[in-house]
Amino acid sequence: MMKISVAEFKADIDQYLELADKEDVIIIKDGKYFKMAPVPGGAAEYLLSLRGILPETATVEEAREERLAKYERHL
């Protein structure tokens, strides 16, 4: 596991995205920690895991918006 600041992440985002494919990357901003890790099986498997939660015709953008709305309701 690697811990980095937001500034470090922004400075070399490509490097950290590649690293996150191999290990968890923890990004620290204002004392808050955010974990970046690969989705097991890739995006296709992740989208299939949403079956039954979202309508069959939902787009990736609609799934993202639903997830963000759910998060905002919990704040």
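Is it the case, given these coordinates, that Y46 is surrounded by 10 or more Cβ atoms within 10 Å (Cβ to Cβ), modelled with pLDDT under 80, under 29 Å from M2 (Cα atoms) and not assigned by TED's automatic domain parsing to the domain that holds F9? Taking the combined requirement at face value, the residue satisfies it.
What residue, among those in the stretch 1-43 that are modelled with pLDDT of 85 or more, part of a helix (DSSP H, G or I) and of a type outside the set (A, V, I, L, M, F, W, C), is surrounded by the most Cβ atoms within 10 Å (Cβ to Cβ)? Out of the qualifying residues, it is Y16.
The values are calculated or read from the model by the stated rules, or taken from the named source; none is laboratory data. On a predicted model such as this, the values are computed, not experimentally measured, just so you know. Methodologically, a virtual Cβ is constructed for each residue, glycine included, from the backbone with ideal geometry; neighbour enumeration extends over all protein chains shown.
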